[in-house]
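Below: the structure, in structure tokens.
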């Protein structure tokens, strides 16, 4: 099925946001990585420079107070705000921590505009009631990119997410997902966009 992986990445974003950190806190942090790109990425992520995640394909800044962690299935890299204390009982109940993740995908036979619409359609189908609050083109390290902000509710938690989709080489695309609670968004928005802007593909 074409675009199956696109929908899978969308679902991974939501699963990470609503349940991953329960398992991480229980010590089950040996989650599988995305096999679609270079398997050596996991080893490289373990050897990252201070405050950066560096893989065979890209590098990205990690803000102070955030820590890289084993990427969830479908992702190439991930970082978590480990010392976070969210003032949200529903978020505390599921042990949620704000995070960002980087995933790899391909446009296949689609153009970027069509790909973005599929991502949005996938979110609407997976989480009825999702509201897109911002949708804009941008440039990240001389590469065309697009940012989508959305609000959604899962397990009683009101989330706000930022998805940035960056054009890679050929049909490659890199999807960065940033997830926090709606109440915490204003405190993280600038950090999220700054991290997204630091994303750099290796030639």
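Observations, loosely collected:
- Of all the residues in the range 166-181, those that are farther than 14 Å from residue 60 by Cβ, at pLDDT below 95 and buried (at least 16 other Cβ atoms within 10 Å of the Cβ) number 4.
- Scan of the range 49-62 for residues that are surrounded by fewer than 17 Cβ atoms within 10 Å (Cβ to Cβ), part of a loop (DSSP other than H, G, I, E, B) and touching a helix residue (DSSP H, G or I) at 6+ places or on another chain (Cβ under 9 Å), ordered by number: 56
- Given (1) farther than 30 Å from residue 86 by Cβ; (2) in contact with a strand residue (DSSP E or B) (Cβ under 6 Å, 6 or more places away or on another chain); (3) modelled with pLDDT of 95 or more, index of the condition residue 149 fails: (1)
A quick yes/no check of all residues on (1) in a strand (DSSP E or B); (2) farther than 26 Å from residue 160 by Cβ; (3) at pLDDT below 80:
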{"residue": "35", "(1), (2), (3)": "no, yes, yes"}
{"residue": "44", "(1), (2), (3)": "no, yes, yes"}
{"residue": "64", "(1), (2), (3)": "no, no, no"}
{"residue": "74", "(1), (2), (3)": "no, no, yes"}
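- Under the condition of being under 21 Å from residue 201 (Cβ atoms) and either touching a residue at least 24 places away in the same chain (Cβ under 8 Å) or in contact with a strand residue (DSSP E or B) (Cβ under 7 Å, 6 or more places away or on another chain) (or both), the residues counted in the range 103-135 number 11.
- The set of residues from the range 82-96 being surrounded by 20 or more Cβ atoms within 10 Å (Cβ to Cβ) and either touching a helix residue (DSSP H, G or I) at 6+ places or on another chain (Cβ under 6 Å) or outside any helix (DSSP H, G or I) (or both) comprises just one member, 96.
The values are calculated or read from the model by the stated rules, or taken from the named source; none is laboratory data. As the structure is a computational prediction, the values presented were derived from the model and not from experiment. Because the Cβ atoms are built from the backbone with ideal geometry, glycine has one as well, and the counts that use them run over all protein chains shown.
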